[in-house]
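The values are calculated or read from the model by the stated rules, or taken from the named source; none is laboratory data. Worth saying up front: this structure is predicted, and the values here are computed from it rather than measured. Neighbour counts are summed over all protein chains in view; Cβ atoms, including those assigned to glycine, are modelled from backbone coordinates with ideal geometry. Protein only, heavy atoms only, side chains kept; ligands, DNA and RNA dropped before computing areas. Shrake-Rupley method; radii C 1.70, N 1.55, O 1.52, S 1.80 Å.
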Amino acid sequence: MFRYYLKTAWRNLVRNKTFSLLNIVGLAVGIACASLIFLWIEYHLTYNHSIPDYNNIYEVENNQTYGSDMVTFPVTSVLVKDALQHEFPGIVNVSRYGDADGIVSSGDKRLSLAGAYVDSAFFKMFGLPLVEGNVNDVLNDISQIAISQKLAKTYFGNSGALGKTLLVDNNPYEVSAVYKDIPQDVQFYGEDFFLPFKIYYDQNKDHGMNSWASNWASTWVELNPGTNVISFNSRLRKLIEQKDPQVTNQSLWLYPLKRLKLYGEFTDGKEDTSKATSQDVKRFSILALIILTIACINFMNLSTARSEKRAGEIGMRKALGSTKASLIRGLLAESLIVAYVAVVLAVVIVAVALPYFNSLINIHLYLHWWYSSHILFLVIIGGIAGLIAGSYPAFYLSSFNPIQSLKGQIAKNASNASIIRKGLVIMQFAVSVIIIISVFVVYRQIQFTKNRDFGFKKDNILYVPATSTLQKQYISLKQEILNTNEVSSISLGRFSPISMYNNGGGWMWEGKNAKEDVLVTNLNADADYLKTFGIQLQAGRAFSPDPNIDGLNVIINESFAKIMGKAGHVGGQILRENYRLTIIGIMKDFVYNDMNERYPAPLIYFNNPHNANYIYMKLNPTDDLQGIISKLQNIFRKADVLVPFDYHFIDEDFDRKFHGQQFIGSLATIFGCLAIFISCLGLFGLSAFMAEQRKKEVGLRKVLGASVSSIFTLLSKDFLILVILSLGIAFPIAYWIMHGWLQNFDYRIGISWYLFVAAALLALLIAFATVSFQAIRAARANPVRSLRME
């Protein structure tokens with residue numbers, strides 16, 4: 001039976017090559033698009049699933065209250081670990097985690113790499129597979145280091161790394177373990193090495209680390225299965241206040257690792273799914289389903305459009321005894337065969353497109369041929385597409401009266417099918433118009449944010465890590481760099497405006513409500529920071545080049561000045577603990593951290609280059625960027641021969657920070673255009689069918705004197721009317737969807753009327769261009785050829 005269905009399907013494909021090609025290509029592109037989106041969704045849904053006990057691992061979150069606002073931070077005091085281990089039942093493992101990026105060297109090889117400080121329980125908790133070493137012996141001593149397989153191969157080749165020595169920032173450590181490279185879908189992807197947390201503690205214990213109010217690291221907890229997390233959190237929230245009654249604005253709680261990737265956004269101390277990655281997953285799931293639906297609509301339209309050609313075949317089969325049920329089974333089988341041909345083509349498209357897709361999303365996705373889930377997905381999606389797309393044609397064709405079919409009298413059925421086809425075309429183009437409007441709005445929002453006046457200059461600013469050796473030579477180094485005439489300004493600073501995450505409360509001033517705290521970002525830099533980044537002063541003066549002169553003076557931003565009220569002026573006083581600071585300047589607000597914020601958070605700037613970790617250089621505009629970099633490399637190499645010239649650009653950091661929004665915009669644009677392309681395939685096929693169906697009418701009209709333009713109008717207007725109807729459906733839906741999406745941005749555009757006009761014109765132009773080829777071809781055809789068969 002299957003062989004019979006296969007033969008019939010093949011004959012119909014060959015007999016109608018154009019329609020078959022449009023059917024298969026449209027469905028294949030739809031399945032390929034859906035497959036790429038679902039690979040991306042799978043990445044997010046299975047994130048961290050390779051961690052053996054990820055269901056029982058939690059990150060300790062810290063809710064901090066400032067006035068009426070509650071902000072959640074993934075950092076805690078380093079003292080939390082011991083308290084959890086000794087005072088809380090149900091704990092299996094606890095580990096702290098802090099960044100430990102540094103220069104890793106062995107012999108002549110020196111690389112700037114990413115690492116972290118962790119406790120020895122870290123490897124047991126997260127189950128990182130070891131290539132060399134024993135999990136019970138990892139990082140038990142401050143002289144040890146654990147390195148990735150990639151790092152081991154880089155420094156030691158194929159010989160064993162265990163017991164060998166590596167230098168991290170010129171400090172020697174013995175390799176106690178080599179772990180498999182952490183995959184991209186695991187929390188700590190990209191970490192090249194791990195050092196004992198005690199090293200970090202010993203370096204900072206005299207700088208306020210031993211305080212319940214100071215937060216230096218994140219803390220991870222593994223609980224026994226079955227532990228009551230609600231009861232655990234109820235007790236944990238009171239921990240800090242019990243340990244230090246003066247710290248009343250902080251409370252801790254556990255958040256599950258399994259929800260962190262998809263749902264880990266917080267508002268007012270609670271999970272806020274409206275801002276989470278899960279929303280993007282939902283949106284693109286809907287987009288995948290829309291694209292599949294459009295592809296299936298094409299299939300249905302083109303299949304029903306060919307129905308008259310198969311009417312005689314269906315009538316003959318019915319006359320020879322075929323039942324309606326057997327005809328439906330046969331037609332559905334044909335549809336499934338075509339669908340699975342499209343699946344095979346879709347797999348080829350995915351294999352070709354996946355590397356480009358990966359570069360766009362900056363994630364390495366894989367189509368695993370041997371994964372049962374991937375095979376099952378393709379089987380299911382092919383089956384669903386085949387059944388849905390073939391269901392109406394099967395029931396429609398099988399309902400033909402055999403006598404009427406053999407006589408060619410199926411006008412009533414054809415009329416009904418025509419109405420359904422028109423409805424599907426309206427639906428299809430309504431979706432396309434919604435996508436066009438959405439792409440317009442997303443693009444304008446991205447450009448609106450990207451091109452706004454941030455209050456600082458990000459172009460042509462290069463920066464390098466400021467090692468202790470470079471800081472000691474900074475004055476002479478700065479002068480030598482400026483003498484090149486390639487750099488207009490140079491500054492020592494703790495953070496760039498792209499990422500300023502050192503903040504705290506406890507600030508007081510005249511007139512402040514002592515019960516309400518304010519979270520203020522702290523910036524430590526030298527006097528040239530504002531000049532280097534092009535940040536303007538609104539009032540007062542800049543810092544003196546000598547940090548000792550302005551040791552107790554500060555510059556604040558306009559947002560902080562507004563919060564301070566009458567005290568927020570040049571000459572005003574700010575108090576914290578035993579310090580009384582004088583405001584000598586107020587800088588104009590510049591946007592930092594979140595590029596979508598309408599107003600930046602309060603910020604205080606200290607003339608404190610000793611607490612800086614980067615050297616920022618404003619390059620003069622040039623056509624020879626590599627030449628400037630080469631000069632700077634030679635200068636830095638002379639200053640510190642042991643450190644590689646690890647340079648970065650602020651505008652590249654900005655682009656990476658902005659990648660999330662750009663990715664959403666790019667993905668929406670690409671898949672939106674593909675959805676429109678699929679719609680056009682169907683419209684092209686239908687216009688070809690309609691032109692062929694009416695060729696005798698067209699021939700007769702031409703014989704009677706009709707012009708090419710009048711015939712073109714006759715054949716085109718029906719489709720353009722359908723597109724106009726689709727606009728009426730699409731506009732309110734598109735407005736509702738995009739208005740809701742824009743609410744995620746504090747700094748956002750309005751939805752202008754001309755976007756809808758542009759979308760309407762574009763949709764009409766696309767439809768017109770698609771239909772016009774067939775209409776012109778039919779209008780210009782020789783009428784004798786179309787009438788001679790009468």
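The residues of the range 730-760 that are of a type in the set (Val, Ile, Thr) and assigned to a helix (DSSP H, G or I), listed by number, are 733, 737, 757. Against the condition modelled with pLDDT of 90 or more, assigned to a strand (DSSP E or B) and under 31 Å from the mean Cα position of the chain (by Cα), how does residue 112 come out, does it pass? When the stated conditions are applied, residue 112 does not pass them. Of all residues in the range 452-470, at least one satisfies being at pLDDT 90 or above, farther than 30 Å from residue 289 by Cβ and in contact with a Gly (Cβ under 8 Å, 6 or more places away or on another chain). Considering the range 53-71, and only residues there that are of a type in the set (Ser, Thr, Tyr) and modelled with pLDDT under 95, the residue that is nearest to the chain's Cα centre (by Cα) turns out to be 54. Does the range 646-661 include one or more residues that are closer than 30 Å to residue 548 by Cα, assigned to a loop (DSSP other than H, G, I, E, B) and not charged (D, E, K, R)? Yes; the residues of the range 646-661 include at least one that is closer than 30 Å to residue 548 by Cα, assigned to a loop (DSSP other than H, G, I, E, B) and not charged (D, E, K, R).
Within the range 603-636, being open to solvent by less than 50 Å² (accessible area, probe 1.4 Å), under 34 Å from the mean Cα position of the chain (by Cα) and modelled with pLDDT under 90 holds for 612, 613. So is residue 403 at pLDDT below 80, surrounded by fewer than 18 Cβ atoms within 10 Å (Cβ to Cβ), more than 30 Å from residue 183 (Cβ to Cβ) and of a type in the set (A, V, I, L, M) or not? So residue 403 fits the description; yes.
Residues of the range 537-563 that are over 26 Å from residue 474 (Cβ atoms), open to solvent by 30 Å² or more (accessible area, probe 1.4 Å) and of a type in the set (S, T, N, Q): 538 alone. Restricting attention to the range 587-627, the residues that are aliphatic (A, V, I, L, M) and more than 30 Å from residue 749 (Cβ to Cβ) total 6. Candidates in the range 612-657 are the residues that are of a type in the set (A, V, I, L, M) and free of Cβ contacts under 8 Å to residues at least 12 places away in the same chain; of these, the one that is farthest from residue 484 (Cα to Cα) is 641.
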